[in-house]
Amino acid sequence: MSATVIPTAPGENFLGHGHQLQYDRLPFFRRVAELGDVVATRMLHRPIYFVNAPAAAHEMLVEKARSFEKSPGIRILLHDLAGQGLFTSEGDLWKRQRRLLSPLFHPTQLQTYVSAMNGEALRARERLRDGDRVDLAAETTRIAMSVVGRALFDARTFDEADELGEALTIALGWVNDRLATPFMAIQLAALEMTESLDGKLPPFLDDVRARVRAALDGPVLIPGRHDPTVRRALEVLDGRIHAMIDERRAHPADRKDLLTRLLQARDADLGGEGMSDKQVRDEANTLFIAGHETTATALAWSFYLLARDPAARAKVQAEADAFGPDGPTSYDPEKLAYTTRVFKEALRLYPPVIVLPRRALEPVQIGGHAFPDRTIFFVNVYGMHLRRDCHPEPDRFDPARFTPENEARRPKSAWIPFGVGPRVCIGNHFALMEGPVVLATLMRGLSFEVEPRDVEPETFATLRPKGGVWARVRRLDSR
Ligand code: HEM
């Protein structure tokens, strides 16, 4: 370690900081961010270092990205939901899949998704009646789920969106409740023990080690995996994805969507072979989940913030009103400049992904401190976005932080709702287009009178508004 001492977060007990990490997560993340650029916490016996400063985050996620992998905890908890999809895979598999999927997110391709974004918001507009009382978080989930369904899976309707949404809530709730439990620390210790025995055992035992090692990639030591409610939720999600895969196999038409791409992949790296059904399912599940949950949450927060700032709301309304009656049917960033700033500011105040967990693959220096191989780090996105030296008056909603001049002035990696570096969100431009297009389309035809109560963020797998964002719908048909 370096000469300067890394501060330790106060309040640990024999379980370390597990209790605070699990039950007091957001306040804890904020407190830790104020303690220093790198801060030590503990989960049972095991140190976890919080990275709270833009420079240190940049060093880890960009400059020294090769020295890190995602923390195996993520892989373990998402094993049944997302398997070896893009979010959870590593090494050559990750590289190959990222290369394969990148064309779907190319700027020219993104333009073709605008009709799905605008179209699904229009469908919601048609569905909603004047005077309806709605939860905007549920509404935006329906929209975002249908957008990703149409854009990436070429699925015409998502009428079962509510059922899928509920299933996902159960499955992600399971993940969330187990993130920072002692069982997780125990499973990580077991995993690392098998890793450390690699190459040190006689051949017949090494085979056993490899099998135990593979089994430990799933949540075998985490209680509740076989809970019937969780199993049922996973079946519902799998059922929808498999139905889409079967449909695509039955009609291998000239489509360019995600599933067709995955099913037709004959990458040189695949030895000219197709991708296994399991891999297709993992990628499809990953894109389906990652592609809507986060955007839906950010949209709900945008409505909440706008309801509390009439001046900002009027500016978004003015941009929406400048479009024809159907709202933005094509994407022109200039015409959505202010709405985009609002969406970005919502992502700062309520980043859907609050932490980026990493594990060192080798001894490494971060923020001037030396750390051994296998050290676990949490890049504290939430805490950093609310640190006053990174974002002055951090609790104030201020879309002007995202004018081009202010964006250019901000230190690198001080705003990282999509992560940064090689593992940056593959859907970041998709989301930054979808958020403003959906906001403007809805506000072109509807006004939402959000109920005047404080809504607290709740850490789920994403940072959801606790209890939802309830509003009364007013139709603006007369405009
Ligand atoms: C506001 C919306 C979104 C937010 C805040 C968000 C956030 C993130 C973050 C923080 C990561 C990186 C995690 C890490 O480094 O540990 C990530 C990765 C990823 N996101 Fe997003 N995301 C959003 C929208 C989307 C959309 C629309 C899609 C797809 C359509 C998507 C698909 C993915 C995938 C596949 C990865 C893994 C990429 C890789 O590791 O190569 N996300 N996202």
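The values are calculated or read from the model by the stated rules, or taken from the named source; none is laboratory data. Small disclaimer: the values here were computed from a predicted structure and weren't measured. Please note: Cβ atoms are built from the backbone with ideal geometry, for glycine as well, and neighbour counts cover all protein chains shown. Calculation scope for accessible area: heavy atoms of the full protein, side chains included, ligands and nucleic acids excluded. Shrake-Rupley method; radii C 1.70, N 1.55, O 1.52, S 1.80 Å.
Can you pull the three principal axis extents for the Cα set of segment 1-137, in Å, largest first?
Per principal axis, max minus min of the Cα coordinates gives 60, 46, 32 Å.
Please report the carbon-and-sulfur percent of the accessible area for the chain; probe 1.4 Å, protein heavy atoms only, DNA, RNA and ligands left out.
C and S fraction of accessible area: 55 percent.
Over 10 Å intervals from 0, what percent of Cα-Cα pairs in segment 391-472 sits in each interval?
For segment 391-472, the binned pair fractions read 13, 31, 44, 12, 0 percent.
Under a 1.4 Å probe, what is the accessible area of segment 20-125 per residue, stated in Å²?
37
Express in % the proportion of alpha carbon pairs of segment 202-338 at distances exceeding 25 Å.
Counting every Cα pair in segment 202-338, those more than 25 Å apart make up 59 percent.
What's the Cα-based Rg to Rh of the chain, Rh via Kirkwood?
0.96
Quick query: amide H of residue 17 versus all other amide H atoms, modeled in the peptide plane; which residues come in under 5 Å with a sequence gap of 5 or more or a different chain?
Hits under the 5 Å cutoff: 42, 43, 44.
Relative to the longest principal axis of the C-alpha atoms of the chain, give the angle of the C-alpha long axis of helix 182-196, reported between 0 and 90° and rounded to the nearest 10°.
Approximately 50 degrees, to the nearest ten.
Tell me the GluC sites (Glu not before Pro) within segment 153-246 that lie in a loop according to DSSP and have at most 16 other beta-carbon atoms within 10 Å.
160
Could you tell me which residue out of 228, 210, 239 lies farthest along the dipole of segment 185-265 toward its positive end? Charges go on the beta carbon: Lys and Arg +1, Asp and Glu -1, centred on the Cα centre.
Selected residue: 239.
Please get the size of the charge dipole for the chain, origin at its Cα centre, with Cβ charges of +1 on Lys and Arg and -1 on Asp and Glu, quoted in debye to the nearest 20.
460
Cα-Cα pairs above 13 Å in segment 167-220: how many percent?
So the portion of pairs separated by more than 13 Å is 64 percent.
May I ask you to give the solvent-accessible area per residue for segment 286-360, in square angstrom, as obtained with a 1.4 angstrom probe?
So segment 286-360 comes to 32 Å² accessible per residue, rounded to a whole number.
Quick check on packing: order 309-319, 333-343 by the mean number of other C-beta atoms within 10 Å, highest mean leading.
333-343, 309-319
Applying the Karplus parametrisation 6.51 cos²θ - 1.76 cosθ + 1.60 with θ = phi - 60° to the phi angles of segment 344-350, what ³J(HN,Hα) value in whole Hz is obtained for each residue in order, glycine and proline being reported as x?
With the stated coefficients, segment 344-350 comes to 5, 5, 4, 5, 6, 5, 10 Hz.
Using the heavy atoms of the protein chains alone and a 1.4 angstrom probe, what is the accessible area of segment 364-471 per residue in square angstrom?
Each residue of segment 364-471 exposes 39 Å² on average to a 1.4 Å probe.
Which peptide among 113-120, 437-444, 46-53, 174-181 comes first, and what is the full order, when sorted by highest mean count of other Cβ atoms within 10 Å?
In decreasing order of mean packing, 113-120, 437-444, 46-53, 174-181 become 437-444, 46-53, 113-120, 174-181.
Please grab the % of Cα pairs in segment 61-191 that end up more than 23 Å from each other.
53
Under 1.5 on a/c is rounded, so check that first for segment 87-138, then, if it is not, pick prolate when a/b is larger than b/c and oblate when it is not; a ≥ b ≥ c are the square roots of the alpha carbon gyration tensor eigenvalues.
Cα axes put segment 87-138 in the oblate bin.
How do the peptides 34-40, 206-212, 56-62 rank, highest first, by the average count of neighbouring beta carbon atoms within 10 Å per residue?
56-62, 34-40, 206-212
So how much slack lies between residue 276 and residue 326, counting 0.36 nm per residue of separation and subtracting their Cα-Cα distance, in nm?
Extending this stretch completely gives an extra 13.8 nm.
What number, rounded to the nearest 500 deg cm²/dmol, is the helix-based mean residue ellipticity at 222 nm of the chain, given -39500 (n - 2.57) per DSSP H run of at least four residues and division by all its residues?
Rounded to the nearest 500, the figure is -15500 deg cm²/dmol.
Quick check on segment 255-397: what does the Kirkwood estimate of hydrodynamic radius come out to from the alpha carbon pairs, in Å?
With all distinct Cα pairs of segment 255-397 included, I get 19.4 Å.
Please tell me the relative contact order of the chain in percent, rounded to the nearest whole number, where contacts are Cα pairs under 8 Å and at least six residues apart.
Once normalised by length, the contact order is 27 percent.
Can you compute 3J(HN,Hα) from phi for each residue in segment 282-287, using the Karplus curve 6.51 cos²θ - 1.76 cosθ + 1.60 with θ = phi - 60°, rounded to whole Hz and x for Gly and Pro?
4, 5, 5, 4, 4, 5
In straight Cα distance, which lysines are under 28 Å from residue 95, not counting same-chain residues fewer than 8 positions off?
Those lysines meeting the cut-off are 64, 70, 256, 278, 412.
For segment 106-167, what is the convex hull (Cα atoms) projected area averaged across all directions, in square nanometres?
The number I arrive at for segment 106-167 is 4.7 nm².
Can you tell me the convex hull volume per residue for segment 211-255, based on C-alpha atoms, in Å³ to the nearest whole number?
Per-residue hull volume (Cα only) is 114 Å³.
At 1.002 mPa s and 20 °C, plugging the Kirkwood radius over alpha-carbon pairs of segment 340-479 into Stokes-Einstein gives what diffusion coefficient in µm²/s?
Once the numbers are plugged in, D ends up at 122 µm²/s.
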